[in-house]
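Have a look at the structure below before the remarks.
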Amino acid sequence: MAVSKRLRYEILRRDQHTCRYCGASAPAVPLRVDHVTPVALGGTDTPDNLVTSCEPCNSGKSSATVDSAVVAAVSDDALRWATAMEQAAANLQELEKPKDEYRDAFLAEWNRWTVGDQKKPVELPVDWKPAVERFRVAGIPVWMWADIVDVGMANEKVKPENTFRYCCGVAWNKVTALQAEARSIVGAKADNEPRSSFTSALISAAIEVWRKEAGDDVTAEQEAQLTASLMDATRNELEPEEIIKAVRYAAWFGACTVDDGLVHAATDHDAIEAMRWENAWSSTCGNLPSADEGAAFEQWRTALRQAGASDQLISIASAVAGYSLSCVPHFGIPLDMLEAAGINGKQQTAEDFWALAFVATAARWPSEEERRKFRQQLERLTIDGGYLIFDANAAAVAAGAAQEADLYWNVPRKFSALLAAATPLQGGSN
């Protein structure tokens, strides 16, 4: 950061507006605030590293200063620093040579294949370099990339944009095989060796679960990190069920290791359900639910848990409710549990149908007032009776598409329209 005007003033006042190098004072000479140890050499902007200097001393024109020894020392430091920086750069360049050679070898194998009429190389993701570096560290030799790339490119079921990810999966299988061979060479006990075929299948299945839950934004480096974590988990004899659960939780929380997934899985399930509901709600309308809506959702979710609904059932129902901008999770939960929680599953399903049809034609979700009117009509229809639930759902869809709350005009009933119109409305007026 630059020295502030306030700090400059305080330094000048501390030094009595006198150059600390030659003793000249203002207004005889213009004064500056100078760094004793240059910033380039690690000097700071703190008062103990700042002094008042006249312009000639500051620009190096003065032939004699009271602190000339300090100035000479700084000059020696600068020379030593420049030499050290040059040597450090050379060392880093030497360390980077194996990485660069390994990447160049991979790239040569990759570019042997082309796609399209113009015979262009298959495009690599932006994060391919760190992913390839992981394989170098994991022990994949350079010569093995020819076979790995050939397998990935020759698979016609893999889209070009997914080819690198597929090759990474092949490469990790190679790493597994190399490690198994290495354990065999050093005489590892057979019962400590992972079952290679089962392990590969488990790792592949876990990666697919993680991809599905994490979405399309995962990178090749994250997938490589997850694969390495899965290999450690299988060597530690973690149960397959625990591994799958761990990768699912890892995806939900944006993590990419089994250990992180296990930590999140050990936390309260309430956080997962609330997060799924809020994320689904936000992805539907672009806004998070209000505090009142969140409180209503929490109330119904607690009631469902007390009614015996499992965490998995509530989690799925919460996501569906969020996508429907509903505070009442009910999808997929048995009717007896819904009734025990005080939820009318049939009415909630009809409301969801109505809201989805509404947004399909109006390009917006119904307001709370519009929902209230629909619930009144639905309650009125329920009290009157004489209809089939399938007819009520069809009427809800028709009413939503027409952006209205009235259900009676589209429900085949044993009552006449006049009788329905004469029936008192329950719970208020429309």
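The values are calculated or read from the model by the stated rules, or taken from the named source; none is laboratory data. All values derive from a computational prediction rather than experimental measurement. Heads up, the Cβs are rebuilt from the backbone with ideal geometry, glycines too, and the neighbour counts pull from every protein chain shown.
Determine, yes or no, whether GLU278 is over 19 Å from LEU338 (Cβ atoms), under 27 Å from the mean Cα position of the chain (by Cα) and either among the charged types (D, E, K, R) or surrounded by fewer than 20 Cβ atoms within 10 Å (Cβ to Cβ) (or both).
On the way: over 19 Å from LEU338 (Cβ atoms): yes; under 27 Å from the mean Cα position of the chain (by Cα): yes; either among the charged types (D, E, K, R) or surrounded by fewer than 20 Cβ atoms within 10 Å (Cβ to Cβ) (or both): yes.
Spelling it out, GLU278 is indeed over 19 Å from LEU338 (Cβ atoms), under 27 Å from the mean Cα position of the chain (by Cα) and either among the charged types (D, E, K, R) or surrounded by fewer than 20 Cβ atoms within 10 Å (Cβ to Cβ) (or both).
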Residue list for the range 277-318, filter: acidic (Asp, Glu) and over 27 Å from ALA214 (Cβ atoms): ASP292
Selection within the range 351-372 - aromatic (Phe, Trp, Tyr) and part of a loop (DSSP other than H, G, I, E, B): TRP365
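To keep it simple, each residue is scored yes or no on (1) surrounded by 13 or more Cβ atoms within 10 Å (Cβ to Cβ); (2) more than 19 Å from the chain's Cα centre (by Cα); (3) modelled with pLDDT of 85 or more; (4) not in a helix (DSSP H, G or I).
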residue	(1), (2), (3), (4)
SER283	no, no, no, no
ASP292	no, yes, no, no
ARG301	yes, yes, no, no
ARG305	yes, yes, no, no
From SER324, SER310, residue being hydroxyl-bearing (Ser, Thr, Tyr), modelled with pLDDT under 85, surrounded by fewer than 19 Cβ atoms within 10 Å (Cβ to Cβ) and not assigned by TED's automatic domain parsing to the domain that holds ARG380: SER310
Those residues of the range 138-174 which are free of Cβ contacts under 8 Å to residues at least 12 places away in the same chain and either under 17 Å from MET231 (Cβ atoms) or touching a Cys at 6+ places or on another chain (Cβ under 7 Å) (or both), in sequence order: none
Conditions (1) in contact (Cβ under 8 Å) with a residue 24 or more places away in the chain; (2) closer than 28 Å to ALA265 by Cα; (3) surrounded by 16 or more Cβ atoms within 10 Å (Cβ to Cβ); number of the one not met by LEU378: (2)
